[in-house]
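Every number here is computed from the coordinates shown, using simple stated rules; none is lab data. The shown structure was predicted, so the numbers you read here are calculated from the model rather than taken from an experiment. Every residue, glycine among them, receives a Cβ derived from its backbone with ideal geometry; neighbour counts consider all protein chains shown.
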Amino acid sequence: MLALGSAQAQEQSGASLGGPSSVGANLSDGDGLTDPQFRSRFPQNLVPQWFALKDSLKASANIDFKIDYLSLGQWSNTDVGQGHAAGGMARIYGTWQAFEHGGLTAKLEHRTAYTSVAPQFFGFDSGAQSITGTAFNDIQLALTNLFWTQRAESGAWTVQVGQIDVTDFVDVYGLVSPYTAFQNLAFNTNPTINAPNQGLGIAGGVRLHQNLYAIASIADANGDPTQPNFDVFKDGETFKSFEIGYMSSQDRIYFDNIHLTVWQSDGADDGSRKDDWGVAGSASWFFDNRWMPFLRAGFSQGKAALYKKTVSAGLGLYTRETDLFGVGLNWSDPGDAFDKDQYTAEIFYRFTVSPNFAITPSVQFIANPALNPDQDGLALFGLRGRVAL
């Protein structure tokens, strides 16, 4: 049902609740675009036997998988902190379509920092209340997905149960992925949502009408992919979400999409996390399979999320070679403890050499960095690379 795009809807039937950063989307080529024209087949042309083996497994056993490596370096003009950060992640992920309408999805990752500060925390180290390198942390080995998906024969509903990542489907849009698009959290999952780390949960989506859908989830608020556990049944601390949205058609749910998301997160008994809840809204539309303007906003009632209020707007521009140019502007209220609002801008260009190799330079500018009021503005330069087998 809830697939990223027409090309991907045909290929990711085992993982159909996920958005652009999900396993199903990462297994597909070309962002779901119509007739992508890639510059090269690298590295497929170097190891054709490997890709032939993968094709054979997909045809004979309904097993589809990839191995990839991503690396990110960032540099800033900060007058505090380290001034640079770098890290990478190795991932193996895939789906097994065990039955016509049911299958297993898994993803194992190893994330590491090359420097003393990981890119995910480089914004804080540089004086900003900002996550400038989303997902590039130093958690080492992590099981981020291991869940079963069951779908109705008609595609009217989808359910996932197991080790899930709520950021795969909560308040997502076409440019949400930190692996292929924006790097700053202001333009990824809404920074007013206190989304938990990957953990045990259940999520479901239903098509209410030809153009209407709803998604709901409940997951472990204390999720820890480095040590998967069943503690949620003991402590009962959960994250809940409900989303209702409008789509142009079922196979373009994350391309042409307007939605409203409500969420709530329980506080931790040890006081490390406060109770929190909030509302987020998003509107994005993919015109001519080329232009994707977006407008997103949210607010949180508690103090656990990164921001209390936020508004983001921007544009993505795709080419037939699946290059992607993106620009985003964000205003945020970082909370009562800070005197000024913070403003963020990000520009990136993803140069897609092949379906399995891309390089993405980016520039971020943060005005009024909340953690360093002595500096008026902060500039960050980034370079991300991805190669997949």
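At q = 0.17, 0.18, 0.26, 0.29 Å⁻¹, what is the log10 ratio I(q)/I(0) for the range 311-350, with the Debye formula run over Cα points and no solvent?
These q points yield log10 I(q)/I(0) values of -0.54, -0.58, -0.82, -0.91.
Among Trp285, Trp263, which comes first, second and so on when ranked by fewest other beta-carbon atoms within 10 Å? The partial results should precede the final answer.
Values: Trp285 17, Trp263 26.
Sorted ascending by nearby Cβ count, the order is Trp285, Trp263.
Based only on Cα atoms, what Rg/Rh ratio does the range 281-381 have, Rh being taken as Kirkwood's radius? Don't skip to the end; give the middle numbers.
Working: Rg = 16.1 Å, Rh = 15.3 Å.
Across the range 281-381, the Cα-based Rg/Rh ratio is 1.05.
Rounded to two decimals, what is Rg over Rh for the chain when you use alpha-carbon atoms and the Kirkwood radius? List each step's numbers first, then the result.
Values: Rg = 19.8 Å, Rh = 21.0 Å.
Reported Rg/Rh, Kirkwood definition of Rh: 0.94.
How high is the relative contact order of the range 6-388, in percent, with contacts defined as C-alpha pairs under 8 Å that are six or more residues apart? Before the final figure, lay out the partial values.
Working: 1093 pairs, mean separation 59.3, N = 383.
After rounding, I find 15 percent.
Pairs Lys66/Lys240; Lys107/Lys240; Lys107/Lys303; Lys107/Lys274; Lys234/Lys274: which are spaced more than 28 Å apart, C-alpha to C-alpha? List each step's numbers first, then the result.
Working: Lys66/Lys240 30 Å; Lys107/Lys240 23 Å; Lys107/Lys303 31 Å; Lys107/Lys274 30 Å; Lys234/Lys274 19 Å.
As for pairs spanning more than 28 Å Cα to Cα, those are Lys66/Lys240; Lys107/Lys303; Lys107/Lys274.
Just how large is the dipole of the range 139-296 about the Cα centre, in debye to the nearest 20, putting +1 at every Lys and Arg Cβ and -1 at every Asp and Glu Cβ? Intermediate values should be presented prior to the final figure.
Working: 9 positive and 18 negative charges, 105 e Å.
Here the size comes out at about 500 debye.
So, in Å, what gap is there between the alpha-carbon centers of the range 247-288 and the range 156-192?
8
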